[in-house]
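What follows is one structure encoded as structure tokens, with my remarks underneath.
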Amino acid sequence: MNKKISSIRGMHDYFSEDLEIWNKLEKNFKQVLNSYSFEEIKLPILEKTEIFQRAIGNVTDIIEKEMYSFYDKKGNSLTLRPEGTVGCVRAIIQNNLLYKKKLKFWYLGPMFRYERPQKGRYRQFYQLGVEVFGLSEIDVDLEVILLTNRLWKILGINFDLTLEINSIGLQLDRIKYQKELVFFLEKYKSFLDEESKRRLYSNPFRILDSKNLNVQRILKKAPSLNNFINDKSLNRFNNLCHIMKTHGIKYKYNPNLIRGLDYYTDTVFEWKSNVIGSKDTICAGGRYDALVEELGGVKKPAIGFAIGIERLILLMRSKNVLSRKREKINIYIIFLGEENKNHAISLSEEMRDIYPKLNIFMSFSNFSLSKKIKHAVELSSRIVILIGANEIKKKCYLIKELETKKESYLFKSELILKINSIFKKHLSREN
Ligand code: ATP
Ligand code: MG
């Protein structure tokens, strides 16, 4: 017997119910990003493995165990991108864009991480990424947060998301802090989970990000990174908190918030919801002032964030936002008798010429009339046009409005007027 074919674990197909929300999201993203003068950038899905190793940090989850890496036919190690920032930085360095005054980019596309699949956590998932290069002022941090806040408002989920924010200072601060952290955690070593034990000497800072509840309890008593951050960074963070308040942004200071990637400096933030369970971060980002130089460019401060599209869709679905029932088919065309098929096809083509915005379904099946009508109802069609020998002889069409059950025989010119009036709103919409 043939083995049933299936997709790769953690990689999903998306059908119209998801894509309906997805397309709305994309439309809103583009509108908001445009209003903040961002430009789209499209990047390759494959990059050389070494650029991720250089940028993300060797002891991070991503580099240690989540990358889809393989050798091509020439023996080069390539990786399916686990995130978009590194490729974006590579692109602006390679294309000599660093001299440009305005460097505000966004991209949307699939990312790949070999993780344990569960709700809100997949092996192929989509991110909307946003990156701003060139400015180190807190105003840019603020603007990026204002942008995300505006997006949630437009999507009607601003009350479901909480902003958590922290400053992780500079790398030097973190080195000093690590020593203290290790000293503290060594006392609790036997209570740590295997992963944290392993990280204790390779990259103890990452233990702060542990999702293990026992470890989180221990961390409550641990020294705080906040006490090791240099004055300039601390000042910067206090000023950022202050202007966020001025601009009406509510936030929660989370001293244990760090990001899963090593390249961040100073500001880090996450927008969290409690609807999806523990996989609750919808949007995460921060500053990465050293990354451009690290990857071979000039010194260029930068800040960015990424939104997990599937997690956002889960949240939108749980809220029933944007999920109003919509008619799927506008006009459903039925012919009665094989000899009348061509007449019906011509009408459907003519309708598509006149009404490119309408969704027209031509029924080719040889089911009975009642079965075809049932199908039209199942597809939530608005009107059915019936064409049989009788109609052709009389040069008219039988129109059924499925919701009101009204029926009328109309000449072509009357049919056009009728369609114009039924779909008036639809036809006047811009897109
Ligand atoms: P987590 O702590 O949940 O693993 P992360 O710190 O690895 O997240 P980032 O690398 O900051 O996540 O990615 C930004 C966003 O992308 C996340 O907040 C989330 O919404 C989404 N995301 C990350 N990994 C996945 C995944 N495996 N499946 C679905 N969405 C994801
Ligand atoms: Mg992760």
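Mind listing which chymotrypsin sites (Phe, Trp or Tyr not before Pro) in region 133-162 are in a DSSP loop and have 15 or fewer other Cβ atoms within 10 Å? Spell out each step's value before the answer.
Details: sites: Phe133, Trp152, Phe159; in loops: none.
Counting only loop positions with at most 15 other Cβ atoms within 10 Å, none of the chymotrypsin sites (Phe, Trp or Tyr not before Pro) in region 133-162 qualifies.
With a Förster radius of 25 Å applied to the C-beta separation of Glu403 and Phe159, the computed FRET efficiency comes to 0.15. Working note: Cα atoms of region 72-196, range along each principal axis, descending, whole Å: 50, 49, 36. For the chain, the residue among Leu146, His12, Leu80 whose Cα projects farthest onto the positive side of the dipole built from Cβ charges is His12.
Run the dipole for region 331-428 about the Cα centre, Lys and Arg Cβ at +1, Asp and Glu Cβ at -1, nothing else charged, and hand back the magnitude in debye, nearest 20.
260 debye
In region 331-428, the DSSP beta bridges split such that about 55 percent are antiparallel, to the nearest 5.
Counting only heavy atoms of the protein chains and using a 1.4 Å probe, His343 has close to 80 Å² of accessible surface. If R0 is 30 Å, what FRET efficiency do you get for Lys424 and Asp353 from their C-beta distance, rounded to 0.05? Plugging the Cβ-Cβ distance into 1/(1 + (r/R0)^6) gives 0.95. Report the local net charge at Ser167: Lys and Arg +1, Asp and Glu -1, summed over other residues whose C-beta lies under 13 Å from its C-beta. The answer is -1. Checking the table Lys153/Lys300; Lys176/Lys220; Lys30/Lys357 against a 23 Å threshold on Cα-Cα, which pairs fail? Table pairs above 23 Å Cα-Cα are Lys153/Lys300. Summarised as an ellipsoid, region 158-209 has semi-axes of 25, 17, 9 Å, derived from the eigenvalues of the Cα gyration tensor scaled by 5 and square-rooted, with the largest first.
Express the accessible area of the chain per residue in Å², computed with a 1.4 Å probe while the remaining protein chains stay in the model.
Values: 23280 Å² over 431 residues.
Accessible surface, normalised per residue, equals 54 Å².
Among DSSP beta bridges whose residues both lie in the chain, state the antiparallel percentage, nearest 5.
On the way: 52 of 65 bridges.
Bridges in the chain are about 80 percent antiparallel.
Each residue, Gln178 and Tyr99, gets one label point 7 Å from its Cα in the Cβ direction; the gap between the two is 3.8 nm.
Listed here are the pairs Lys245/Lys299; Lys24/Lys424; Lys328/Lys372; Lys48/Lys104; Lys328/Lys425; Lys102/Lys299; which of them are more than 19 Å apart at the Cα?
Values: Lys245/Lys299 30 Å; Lys24/Lys424 22 Å; Lys328/Lys372 16 Å; Lys48/Lys104 24 Å; Lys328/Lys425 15 Å; Lys102/Lys299 16 Å.
Going by Cα-Cα distance, Lys245/Lys299; Lys24/Lys424; Lys48/Lys104 fall outside the 19 Å limit.
With Cα atoms as the point set, the radius of gyration and Dmax of region 294-406 evaluate to 23.2, 78 Å. Here the relative contact order of the chain, from alpha carbon pairs under 8 Å that lie six or more residues apart, stands at 15 percent. In this simple spin-label approximation, Phe364 and Arg116 carry label points 7 Å from Cα along the Cα→Cβ vector, and these lie 4.8 nm apart. Simple spin-label estimate for Lys30 and Asn235 gives 4.4 nm between the two label positions (7 Å along the Cα-to-Cβ direction from each Cα). Restriction of the chymotrypsin sites (Phe, Trp or Tyr not before Pro) in region 16-63 to DSSP coil positions whose beta-carbon has at most 12 other beta-carbons within 10 angstrom yields no sites.
The values are calculated or read from the model by the stated rules, or taken from the named source; none is laboratory data. Keep in mind the model is a prediction, meaning the values are calculated, not measured. With ideal geometry, Cβ positions are generated from the backbone for all residues, glycine too; neighbour counts draw on all protein chains shown. SASA here: full protein model, heavy atoms, side chains in, ligands and nucleic acids out. Shrake-Rupley method; radii C 1.70, N 1.55, O 1.52, S 1.80 Å.
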